[in-house]
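A short write-up of the structure that comes next.
Please treat every number below as a calculation from the coordinates, not as lab data. Predicted model, so just to flag it, every value in this text is computed and none were measured. Cβ: placed from backbone, ideal geometry, glycine included. Neighbour counts: every protein chain shown.
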Amino acid sequence: MHGMIATITFLLKLTTIAYAPGSEFSGPWLTDDGEAAIEFRTCGEGLCGVIVWLKSPLDDGEPARDDHNPDPRLRDRPLCGLAVIGSLHRNGDQMDGGWIYDPEGGTRYQVAIRQRQRDTLDVTGFVGIETFGRRVKWRRAPVDLPRCAPGAGSTGL
């Protein structure tokens, strides 16, 4: 019994290491269109991605909101600080099993993320079969990228 507990503890530590801030996904990542930066964090038992920078943080002088969300109750949420990726888990050389949310269309997809090079991620959003999904490249953002304050609509510039 003691041996099994030690093994479980060891496996839990390995899982934590996979999501540690020093992992390959650490730091902010610029989306393919350069309109936002996403930072990966541990959320529950998986990895999530949160908007930490917006090129255009204001909409008519107010913080940009999730106004295309299909749920009217969620349309007033500020985009800054919004989790747009969730429930990712390591699966070989990629992170998958989770979802990605597109606030521009209010649509949620399955997602798989692979790091092919040190400073680029292949992000594939799909429905059903990954092969038929849309793959885009995100590039690592500067570490000193100014962060928006959740709900404030500020880029820090």
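Net charge around ALA83, counting only other residues with Cβ within less than 12 Å of its Cβ (Lys, Arg = +1; Asp, Glu = -1)?
That works out to +1.
If you find the alpha carbon centre of the range 51-100 and of the range 109-142, how far apart are they in angstrom?
Between the Cα centre of the range 51-100 and that of the range 109-142, the gap is 16 Å.
Calculate the dipole size of the range 61-100 relative to its Cα centre from +1 charges on Lys and Arg beta carbons and -1 charges on Asp and Glu beta carbons; express the result in debye to the nearest 20.
It works out to roughly 100 debye.
Rounded to the nearest 0.05, what FRET efficiency do TRP99 and GLU62 give with R0 = 35 Å and r taken as the Cβ-Cβ distance? Could you check?
That gives a FRET efficiency of 0.80.
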